[in-house]
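Peer 1: Have a look at the structure that comes next, please.
Every read-out reported here was derived from the displayed coordinates using simple, explicitly stated rules and does not represent laboratory data. These numbers come from a predicted model, not from an experiment. Positions of Cβ are backbone-derived with ideal geometry, glycine not excepted, and every protein chain shown enters the neighbour counts.
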Amino acid sequence: MITLNLNGQDHSLDITADMPLLWALRDVAGYRGTKFGCGMGLCGACTVHIDGRPARSCITPVSAVVGQAVATIDNLHHDPVGQRVQQAWLETGVAQCGYCQAGQIMSATALLKSNPAPDDQQIEAAMTGNLCRCGTYNRIKSAIHLVASKLQETQA
């Protein structure tokens, strides 16, 4: 048994230490919002937060996250910045097929929590590696700017 902190709760899971975090989340713990994309950490569909930092769960072994907080898209609605990002995604019509969007949203939320006023270059750097086959990159950038403007309004 390995105990992991997933979405703020400890879960004792009957898994091996070398199991990819993605499969522990989806197949054992039941958090299915995190998607399998490429299995090599290249597409970003499987992005989760580990102690607040975005990470590719398909290439992260469970042993690497023991004692750390893992957050998935399944629980992001409890995060104030995550709520704003999800709302901006809807307002700007980001998603087309939607498959990559969980990873995109997780990366955008991590960016905005660490930098509430990113410029285009910072957004592009933070979102690099999150691939969207539908090409919604401009709408993603617009949604991130929308959240940043709202975060600035609340701080003013």
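Peer 1: Which of 38, 11, 62 sits closest to the plus end of the dipole of the range 2-75, meaning its Cα is farthest towards the positive end, when Lys and Arg get +1 and Asp and Glu get -1 on the C-beta?
Peer 2: Working it through, the farthest residue towards the positive pole turns out to be 38.
Peer 1: If you don't mind, another one. How big is the range 2-75 by Rg and Dmax over its Cα atoms, in Å?
Peer 2: Cα radius of gyration and Dmax of the range 2-75 are 10.6, 29 Å respectively.
Peer 1: Let me ask something additional. Largest first and to the nearest Å, give the Cα extent of the range 76-155 along each principal axis.
Peer 2: Rounded to whole Å, the extents work out to 35, 26, 17 Å.
Peer 1: Could you work out the relative contact order of the range 76-155, using alpha carbon pairs under 8 angstrom and six or more residues apart, expressed as a whole percent?
Peer 2: RCO, the range 76-155: 40 percent.
Peer 1: If you don't mind, another one. Using the C-alpha atoms of the chain, what convex hull volume per residue, in cubic angstrom, is computed?
Peer 2: Per-residue hull volume (Cα only) is 99 Å³.
Peer 1: Evaluate the relative contact order of the chain (contact order divided by residue number), counting alpha-carbon pairs under 8 angstrom at least 6 apart; express in whole percent.
Peer 2: Taking the mean separation of contacting Cα pairs over the length of the chain, I get 23 percent.
Peer 1: Using helices alone, I'd like the mean residue ellipticity at 222 nm for the chain: each DSSP H run of four-plus residues gives -39500 (n - 2.57), total over residue count, nearest 500.
Peer 2: Roughly -11000 deg cm²/dmol at 222 nm, from the helical runs in the chain.
Peer 1: Net charge near residue 39, counting Lys/Arg +1 and Asp/Glu -1 over other residues with Cβ under 13 Å of its Cβ?
Peer 2: With Lys, Arg at +1 and Asp, Glu at -1, the neighbours total +3.
Peer 1: Another question about this same structure. Which angle from 0 to 90°, rounded to the nearest 10, does the C-alpha axis of helix 80-91 make with the longest principal axis of the chain?
Peer 2: Tilt relative to the chain: about 60 degrees.
Peer 1: On a full-extension model of 0.36 nm per residue, what is the gain between residue 23 and residue 155, subtracting their alpha-carbon distance, rounded to one decimal in nm?
Peer 2: Difference between extended and current length: 43.6 nm.
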